[in-house]
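Scroll down for the structure; my scribbles are underneath it.
What follows is calculated from the coordinates using simple rules that are stated; it is not laboratory data. Since the model is a prediction, treat every value here as computed from it, not as a measurement. Cβ atoms come from the backbone with ideal geometry, glycine included; neighbour counts cover every protein chain shown.
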Amino acid sequence: MNPSSTPEWHALAEHYEQIKDLHLKELFTLDPDRAGRLSFEGAGWHMDLSKNRITTETLDLLWDLARVMRVQEEAQRMFQGEKINVTEGRAVLHVALRNISNEPIKVDGVDVMPGVNRVLAQMREFAHKLHKGEFLGHRGKPIKNIVNIGIGGSDLGPLMVYEALKAYGKRDLHLSFISNIDGAHSAEVLRELDPDHTLFIVASKTFTTQETMTNAETAKAWLIQGTGGDPKAVAKHFVALSTNLEAVAAFGIARQNIFEFWDWVGGRYSLTSAIGLPLMLGLGVDVFDELRAGFFQMDRHFLTSPIEKNLPINLALVGLWYNNFFGAESLAMLPYSQYLHRFPAYFQQGDMESNGKGTDREGNAVNYQTGPIVWGEPGTGGQHAFYQLIHQGTKLIPTDFIGFAAPVEEHGDHQEKLMSNFFAQQKALAFGKGIEELKAEKCPEELIAYKLFSGNRPSTALMAPKLTPKSVGALIALYEHKVFVQGVLWNIYSFDQWGVELGKQLAKGVLKDLSEGTVSKDHDSSTASLLKYYHLHRRG
Ligand code: G6Q
């Protein structure tokens, strides 16, 4: 169903005309208890929507839209293992990976939970062995370095969570990530390592991805050369995370070192599957279990809370409000935690690959905006870089501020200083600074226009008591489900990614030219001229 043809959408459009010029200052004056009314609690997170350009009526109308688009019914379908990834004919069951209740979830009549638990047990056993120093390399040396080789969904999640939770991790194991096909990435990572003490995790659902397979071959050659030249060393220094067991075996990886997952795990939703193995190794089994428990808590909240109290649904609705009625193009994610420095990059994929779609579920081109451009950096670095545009630029940029009451570790007064910025930035965005205030500060007349802050710039605050494995798990699930809800509201398919195919396909043709030093006739004149430039300068 086209959401923009529904009476609920029309009601929102009318309502937008009525409230679009209301300033957040007025909204707070009219309703001093606004924060109380527009704050939500769930799965250990507190979400304050009051500094958004909404009223309680806006939310009522958005809830009506969620009802008519059957958001909760669609969520049920996902959790029940229906094949909601229609264009790939697959179920979408990342929620099964952290279903610590173990209630059966069936795909084609078969419960997936025994398989999930079997692989988790295999991962735990492997991690225990490695942590106890019982998993030894080819020449009998203990493993001290883990290198994850993967890309996209097989890289961004483990990398983000490893960075987020490294304070809880095993500092004696060194974890690094290779993803880019640029040879510099492998070279810079490998330069630091001793092959005898290194374990490679080749993370690839398909085990055919060009970047990953190229990097894995490079690592294999480096390993064999560095451990005495015996190809059998591969079996002791490589494990694989994949759905393609045959290709893994062909690479030379021992059967017991293959950690399986399934086609109903989407790449960008895979971090609690076998793809999380580097996290279990680098952070510890307990940390990984706590992380999954946090995911599960938010999954339950999402599935069972009414629309009016549901964090992912309300976060999604407010995003849609800006995207489709205010015409906002982007969403800035601003975590006030250095540990979350990869979080915006992670959800850049999570959101943009899921909802960057222009065709609806009936195969028609949409006539409304879909997924936002997602970007961001941690505070306070961003404040000294791009916040200028958010405060005084000409674009409306909705922002999500993510913060924690307590630091992971106490470091003098850093936490108070960090969080004073978290609160102050949201105040500045919402309420700005007017002429009267500037005059009272004796601002020179000619500078007033430049120093004005119009305010009325929206922000959502998300807070948890502390960054822990559990709160991070719940936070990731919150955004995953937000993305899901928006996909339902926009009537698009969120779980395929056909948009990444064309470039891959064309690269094959170009690679032939690059390898052979030719310029095929079928290139356009720009590509042909760039290839000539490349050939001219390739060898200096
Ligand atoms: C994510 C995408 C994509 C995928 C990578 C890696 O949802 O599908 O980012 O994860 O292309 O794929 P492989 O795991 O198959 O190597």
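Some notes on this structure:
- Distance in nm between pseudo-label sites at Gln76 and Gln256 (7 Å out along the Cβ direction from Cα): 4.6
- Note on segment 215-298: with charges restricted to the Cβ of Lys and Arg (+1) and Asp and Glu (-1), its dipole about the Cα centre is near 200 debye.
- Extension gain for the segment Thr214 to Ser4, taken as residue separation times 0.36 nm less the Cα-Cα distance, is 71.1 nm to one decimal.
- Relative contact order of segment 386-540, defined on C-alpha pairs under 8 angstrom at six or more residues apart (%): 24
- Other residues with beta-carbon under 11 Å from the beta-carbon of Phe28 carry, at +1 per Lys or Arg and -1 per Asp or Glu, a net charge of +1.
- Peptide packing: for 513-525, 453-465, 25-37, the average count of neighbouring Cβ atoms within 10 Å per residue gives the ranking 453-465, 25-37, 513-525, highest mean first.
- Contour excess over end-to-end distance, with Cα ends at Thr518 and Lys532 and 0.36 nm allotted per residue: 4.2 nm
- Note on Trp498/Arg139: beta-carbon distance plugged into 1/(1 + (r/R0)^6) with R0 of 60 Å gives a FRET efficiency of 0.85.
- Signed unit charges on C-beta, dipole axis of the chain, positive-most listed residue Leu429, Phe207, His523: Phe207
- Cα-Cα P(r), segment 488-540, percent of pairs per 10 Å interval: 21, 38, 18, 14, 9, 1
- When +1 charges are put on Lys and Arg Cβ atoms and -1 charges on Asp and Glu Cβ atoms, the dipole computed for the chain relative to its Cα centre reaches about 1280 debye.
- One decimal place: the segment His411-Val110 gains 103.3 nm when fully extended, by the rule 0.36 nm per residue minus the C-alpha distance.
- Shape call, segment 181-266: gyration tensor on alpha carbons, a/c limit 1.5: oblate
- Across Lys132/Lys470; Lys170/Lys470; Lys20/Lys51; Lys132/Lys236, pairs whose alpha-carbon gap is larger than 19 Å: Lys132/Lys470
- Label-to-label distance for Ile435 and Thr394 is 2.2 nm, based on points extended 7 Å past Cα in the beta-carbon direction.
- Stokes-Einstein translational diffusion, the chain - Kirkwood Rh over all Cα pairs, 1.306 mPa s, 10 °C, in µm²/s: 63
- Counting only Cβ charges, +1 for Lys and Arg and -1 for Asp and Glu, the dipole size of segment 329-408 around its Cα centre is about 120 debye.
- Global form of segment 298-346, assessed from the alpha-carbon gyration tensor, a/c cut-off 1.5: oblate
- Gyration tensor (alpha-carbon) shape descriptor, segment 361-462, a/c threshold 1.5: oblate
- Only helices enter this figure: runs of n ≥ 4 DSSP H residues, each worth -39500 (n - 2.57), summed and divided by the residues of the chain, yield -14000 deg cm²/dmol at 222 nm to the nearest 500.
- Inverting the pair-averaged 1/r between distinct Cα atoms of segment 53-155 gives 17.9 Å as its Kirkwood hydrodynamic radius.
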